[in-house]
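Report on one structure; see the data block that follows.
The values are calculated or read from the model by the stated rules, or taken from the named source; none is laboratory data. Since the model is a prediction, treat every value here as computed from it, not as a measurement. When we count neighbours, we look across all protein chains shown, and the Cβ atoms used for this are built from the backbone with ideal geometry, even at glycine. Accessible surface areas use protein heavy atoms only, side chains included; no ligands, DNA or RNA. Shrake-Rupley method; radii C 1.70, N 1.55, O 1.52, S 1.80 Å.
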Amino acid sequence: MAIMSESVTEDSGSSIDNQLLENVLTNNHSAVKTLLNDDESKSIDFSELFERNDEGKSVIELIICLGRVEILKELLRQNINVNTKTPSGYTLLHLAAGWNQLACLKCLVANEADIFLKTDQGESPKDIAERYGNQECVWFLSWAEVRNDFYTFLIQLKETVNDNDKVFGRLTKDDKNSTNSACADKIEWLNNVNEPTIEDIRAKRRELENYLEPVIHKLSEPPIEKQHRK
């Protein structure tokens, strides 16, 4: 069954929208780039990319299921909402996971798509990938979960040690400086190392937790009450 008719008539929408659809179907990345950078592109309503036609497919869904990753990148530069849902609660990540489009999946995660959003049936993107047996997508989303968990831990730890109300009386200046430096080092590693393995990430987390064990122990202790002047 065809995903969508290969021809698009002028009656199906605006000329610019039709051009975009035709270029998606023919995978004409350069034409899409030119179209989006043209002054006339200001008339494009990007929310319409998520609206389904009579055949039940939206332009953005076609981009994902056909694996048009370079076109996807161009649209993401237009600041479309990567977490927009279909009527059944599918995000672009769910679609990429279901259609086994790993390159699109990586592109979306790199642009901060939420890997934990669920469909109306309660399925995450990884659940969808597992259901269809798309093992590369399952592995990548597992990797993304581990990376996201470590990154969130680093950000929260930095925020905690720099919150004077939370750490009052428990951390020294050296404790704060060493924690900020160690976390910044690991964040830089996450942002610059090209797709470290899951074990690489876990090893870096263990390394950090061992190094900052005295600080983490102090943070686990009950907070010291401030003495109020009479």
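What the table below lists for this structure:
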{"item": "From the coordinates shown, volume of the Cα convex hull per residue in Å³ corresponds to which of [x] 121; [y] 307; [z] 194", "result": "[z]"}
{"item": "Residue-by-residue Karplus 3J(HN,Hα) for the range 124-131, coefficients 6.51, -1.76, 1.60, Hz, glycine and proline x", "result": "7, x, 5, 4, 5, 4, 5, 5"}
{"item": "Per residue accessible area of the chain, 1.4 Å probe, in Å²", "result": "59 Å²"}
{"item": "Binned Cα-Cα distance frequencies in the range 143-230 - 10 Å width, integer %", "result": "16, 45, 25, 10, 3, 1"}
{"item": "Carbon and sulfur %, accessible surface of the range 130-172 computed with the full protein complex present, 1.4 Å", "result": "47 percent"}
{"item": "Given charges at beta-carbon only (K, R positive; D, E negative), |dipole| of the range 123-230 in Debye", "result": "700 debye"}
{"item": "Per-peptide average of other Cβ atoms within 10 Å, ordering 23-34, 64-75 highest first", "result": "64-75, 23-34"}
{"item": "Given charges at beta-carbon only (K, R positive; D, E negative), |dipole| of the chain in Debye", "result": "1400 debye"}
{"item": "The chain: calculated mean residue ellipticity at 222 nm from DSSP helix runs of at least 4, using -39500 (n - 2.57)", "result": "-17000 deg cm²/dmol"}
{"item": "Lys pairs, the range 32-180 - Cα-Cα below 20 angstrom, 8 or more residues apart or on other chains", "result": "17"}
{"item": "Over the chain, relative contact order from alpha-carbon pairs under 8 Å, at least 6 apart, %", "result": "12 percent"}
